[in-house]
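Asks: Take a look at this one; I'll ask things after.
Derivation of every value follows stated rules applied to the coordinates shown; laboratory data play no part. Just so we're clear, the structure is a prediction, and the values are computed from it rather than from any experiment. Counting neighbours? That spans all protein chains shown, and the Cβs are built from the backbone with ideal geometry, glycine included.
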Amino acid sequence: MKAEIIRLLKSCDGYLSGQELCEKLNVSRTAVWKVINQLREEGYEIEAVRNKGYRLVESADVMTAAELESCMGDQQLGLPVKYYDKIDSTNNQVRRLAEEGAEEGLLVVAECQEAGKGRRGRVWKSPAGSGIWMSFLLKPQVGPEHASMLTLVAAMAVASGIQDITGMETKIKWPNDLVLSGKKICGILTEMSTDLDSIRYIIVGIGINVNTPDFPEDIAATATSLYLESGKSWKRSELIAAIMKRMEQYYEIFLKTADLSGLKEEYESKLANLGRQVKVLAPKQEYCGICRGITEGGELLVEREGGSISQVMSGEVSVRGIYGYV
């Protein structure tokens, strides 16, 4: 009921009477009053005027399951929502719920992670009140060899979702980072559970620097946030809903062919390294070349000296700009 009241208040231009809320939700006035008070305690500014009703004056950057559900549309991905004030890792929690039988689409969001995961076992710092720390569950009917492409699909969804809400154009640093003004703003970690030659489930974890006002000295030169780039704060629940809407759109396209053939052109338009010199850091060798886009399987195409094209697979490989992070 809480999510529905939030949704109704957001969609109303003026006041919504208590009687209207009672009739729409088939509950008592006392029940409505209790929920309104709960919402105020969570940070919503709700005005109550006699003979007029309730009006949502300001929706703060509230992060609750009800707030997130109120922002979601009719898509399958992103519901149900499980929200936690503090958790070890949203990826870990999705894994636990998946093992208990959770369905595809489940979204886990945390205000704070105590053991956030980065690529190659690194720790992803995820303090409270500033970022989006979220993971969702997928169960695609494709072979395990196709799973890594979903990292690229998720990157597209984040870039498009951010642009939908903020108007800012982020770029994708292949395969799993997003950048703004040449600095990292988002990281994506995809994990998979398989059963012989089939996928049991895939977990897509996303961390976004949203309202972060500053960064530690060791990463300040390579990290930024939507707040630092725009000078304003953003409602994280709206960003999450926009990203999940875009993810469902791109995921459906991906499932038709089990590759990136239907997304390749748009992905390359968002690729930060396209046409630029990059350094490929592989375990056995390093080399430089020009980024020429991606294959339909998600490998990065790098033109080496002499004109030969190498297909770079993700995994233990890093790709960086010649003169910096991008």
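Asks: Considering just Cα atoms, how many Å³ per residue does the convex hull of the stretch 176-284 enclose?
Replies: 176
Asks: Sorted by packing (mean other beta-carbon atoms within 10 Å per residue), highest first, where do 65-78, 45-58, 135-148 land? If you can, show how the numbers build up before the last one.
Replies: Working: 65-78: 19.6, 45-58: 13.1, 135-148: 17.9.
Top to bottom by mean Cβ count within 10 Å: 65-78, 135-148, 45-58.
Asks: Next question. How many nm separate the modelled label positions at Val49 and Glu99, each set 7 Å beyond the Cα in the direction of the Cβ?
Replies: Calculated label separation equals 5.5 nm.
Asks: At 0.36 nm per residue, and after removing the present C-alpha to C-alpha distance, how many nm does the segment from Ser269 to Gln249 gain when stretched out fully?
Replies: Working: separation 20, 0.36 × 20 = 7.20 nm, distance 1.73 nm.
Result: 5.5 nm gained on full extension.
Asks: How about the stretch 170-269: which GluC sites (Glu not before Pro) there lie in a loop by DSSP and see at most 13 other Cβ atoms within 10 Å?
Replies: Glu217
Asks: How big is the charge dipole of the stretch 215-326 about its Cα centre, in debye rounded to the nearest 20, if each Lys and Arg gets +1 on its Cβ and each Asp and Glu gets -1 on its Cβ? Provide the component values of the computation, followed by the final result.
Replies: On the way: 14 positive and 16 negative charges, 46 e Å.
Around 220 debye, computed over the stretch 215-326.
Asks: Right, next: Working from the alpha-carbon coordinates of the stretch 1-149, get Rg over Rh, Rh being the Kirkwood radius.
Replies: That ratio equals 1.07.
Asks: Taking R0 as 35 Å, what's the FRET efficiency between Glu191 and Lys24 from their Cβ-Cβ distance, rounded to 0.05?
Replies: So the FRET efficiency works out to roughly 0.30.
Asks: Continuing with the same structure: Could you list, in their original order, any pairs among Lys184/Lys245; Lys2/Lys183; Lys52/Lys245 whose Cα atoms are separated by more than 29 Å?
Replies: Those over the limit are Lys2/Lys183; Lys52/Lys245.
Asks: Within the stretch 49-91, which residues have the backbone N less than 19 Å from the label spot 7 Å out from Cys112 along Cα→beta-carbon, could you tell me?
Replies: 61-65, 83-91
Asks: In debye to the nearest 20, how big a dipole does the stretch 98-218 give about its Cα centre with +1 on each Lys and Arg Cβ and -1 on each Asp and Glu Cβ?
Replies: Details: 11 positive and 16 negative charges, 93 e Å.
Using only the charged Cβ atoms, the result is roughly 440 debye.
Asks: Continuing with the same structure: Taking the radius of gyration and the Kirkwood hydrodynamic radius from Cα positions alone, what is the Rg/Rh ratio for the chain, to two decimal places?
Replies: With Rh from the inverse mean 1/r over Cα pairs, Rg/Rh is 1.02.
Asks: Continuing with the same structure: With +1 on each Lys and Arg Cβ and -1 on each Asp and Glu Cβ, and nothing else charged, work out how big the dipole of the chain is about its Cα centre, in Debye to the nearest 20.
Replies: Using Cβ point charges on Lys, Arg, Asp and Glu, the chain gives about 440 debye.
Asks: In a Gaussian network model over the chain where Cα atoms closer than 10 Å are linked, find which of Val35, Val81, Val312 has the largest mean-square fluctuation.
Replies: Of Val35, Val81, Val312, the most mobile in the Gaussian network model is Val35.
Asks: Taking just the C-alpha trace of the stretch 228-289, give me its Rg and Dmax in Å.
Replies: In order Rg, Dmax, the Cα atoms of the stretch 228-289 give 17.0, 44 Å.
Asks: Another question, if that's okay. Give the residue from Val179, Leu196, Leu79 lying farthest towards the positive end of the charge dipole for the chain; charges sit on Cβ (+1 for Lys and Arg, -1 for Asp and Glu) and the dipole is referred to the Cα centre.
Replies: Val179
Asks: Please compute the modelled spin-label separation between Ser11 and Glu286, points set 7 Å along Cα→Cβ, answer in nm with one decimal.
Replies: Inter-label distance under the simple model: 5.6 nm.
Asks: When a footprinting reagent is the concern and you count Cβ atoms within 10 Å, what order do Ile294, Ile199 take, fewest first?
Replies: Ile199, Ile294
Asks: Hey, another quick one. Compute the distance in nm between two label points, each set 7 Å from the Cα along the Cα-to-Cβ direction, one at Met313 and one at Thr222.
Replies: Modelled inter-label distance: 2.5 nm.
Asks: Moving on to the next point. Quick one: compute the contact order of the chain, relative version, from alpha carbon pairs under 8 angstrom and 6+ residues apart, as a percent.
Replies: Across the chain, relative contact order equals 14 percent.
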